[in-house]
1. What shape does region 123-260 have by the C-alpha gyration tensor, where a ≥ b ≥ c are the square roots of the eigenvalues, rounded means a/c under 1.5, and otherwise prolate means a/b greater than b/c and oblate the rest?
2. Report, in listed order, any pair from Lys185/Lys279; Lys80/Lys279; Lys2/Lys46; Lys25/Lys295; Lys219/Lys295 with a Cα-Cα distance greater than 29 Å.
3. Using the beta-carbon distance between Ala310 and Ser43 and R0 = 51 Å, what value does 1/(1 + (r/R0)^6) give for FRET efficiency, to the nearest 0.05?
4. Please give the peptides 206-215, 280-289, 56-65, 267-276 ranked by average Cβ packing (other Cβ atoms within 10 Å per residue), highest first, as a rough proxy for protection.
5. Run the helix sum for the chain: -39,500 (n - 2.57) per DSSP H stretch of 4+ residues, divided by residue count, reported at 222 nm to the nearest 500 deg cm²/dmol.
6. Given a cut-off of under 8 Å on Cα pairs at least six residues apart, what relative contact order in percent is computed for the chain?
7. Please compute the per residue accessible area over the chain with all protein chains in place, 1.4 Å probe, rounded to a whole number of Å².
8. What percentage of the solvent-accessible surface of the chain, computed with a 1.4 Å probe over protein heavy atoms, is contributed by carbon and sulfur atoms?
Amino acid sequence: MKAVGICGSDVHYLKTMRCADFVVKEPMVIGHECAGIIEEVGSEVKNLVPGDRVALEPGISCWRCDLCKDGRYNLCPEMKFFATPPVHGSLAHQVVHPADLCFKLPDNVSLEEGAMCEPLSVGVHACRRANIGPETNVLVMGAGPIGLVTMMAARAFGAPRIVIVDVDDNRLSVAKNLGADGIVKVSTNMQDVAEEVERICKAMGGGVDVSFDCAGFNKTMSTALSATRAGGMVCLVGMGHHEMTVPLTPAAAREVDVIGIFRYRNTWPLCIEFLRSGKIDVKPLITHRFGFSQKEVEEAFETSAGGGSAI
């Protein structure tokens, strides 16, 4: 392993020993956003040789269940996923991983960028699910790491106009610098939804075709449902609340489709191509670097958990 990113879920596991319904019950290695160099291959591996630089897709599905056979392996109930209890993660010197989940990196894509394929895959999968294209105006709720990669993916898929929303000025500034066409600062107060929807539509300069809720709270989902045009779509990406109370009936009356995503599938080749071609530049998202010592790893997690300037 040469580069491992810290995800919000990693921080959750370290701080609370759980993430959603996944509970840490015994010592576990965390980390799942990763890239490294092949050291050794099995006798049947034909596509990789020692010395290859690779990005790793962190989930090993069973390939036998109906969901896997249908191609939706990201929903496999037997998924063994890096750093999801009880499976060890990749914040280690070495890992053993299936060759078909190790993707060679082009010469102009660094190992750090390779590790970024994992969060970027979330945005790519969301854009595929929502059929983003050159005629799709996009709203992104939340300018955190996943909101930013979803915005970048939507642009790479051809979205002509993207507006991003957040409560934090610093995050909105980052989003603007990374290419958002419009930014809207909002509150956490549910009473402000109607007024904020007006400002969002004004910033868009037209209808919102697809909204991505990358936060997953009552307020963000209610705003997304209200802002999306009749016949549009809302894609729930973030999982801030385990359960939400939202105005579904008015949205249903306008035939607003609601879809969800879970992880990703078959995204690494496209992510790597976006990075190789320069259609997406993830380098600005890599804000801090730490060495692999006990002290530095602890510092890295404290920095990530603290928010601030860290992405």
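The values are calculated or read from the model by the stated rules, or taken from the named source; none is laboratory data. Every value quoted in this text rests on a predicted model; they were computed, and no experiment measured them. Here Cβ is always computed from backbone atoms with ideal geometry, including for glycine, and neighbour counts include all displayed protein chains. These area figures cover heavy atoms from the full protein model, side chains too; ligands, DNA and RNA do not enter into them. Shrake-Rupley method; radii C 1.70, N 1.55, O 1.52, S 1.80 Å.
1. On the way: a/c = 1.32, a/b = 1.12, b/c = 1.18.
In terms of gyration-tensor shape, rounded.
2. On the way: Lys185/Lys279 27 Å; Lys80/Lys279 31 Å; Lys2/Lys46 23 Å; Lys25/Lys295 24 Å; Lys219/Lys295 38 Å.
Violating the 29 Å Cα-Cα cut-off are Lys80/Lys279; Lys219/Lys295.
3. Details: r = 43 Å, r/R0 = 0.84.
After rounding, the FRET efficiency stands at 0.75.
4. Values: 206-215: 25.1, 280-289: 15.2, 56-65: 18.3, 267-276: 20.3.
Ranking, from highest mean packing down: 206-215, 267-276, 56-65, 280-289.
5. Roughly -9500 deg cm²/dmol at 222 nm, from the helical runs in the chain.
6. Numbers: 598 pairs, mean separation 48.6, N = 311.
Relative contact order for the chain comes out at 16 percent.
7. Numbers: 15340 Å² over 311 residues.
On a per-residue basis, 49 Å².
8. Numbers: 8160 of 15340 Å².
Roughly 53 percent, rounded to a whole number.
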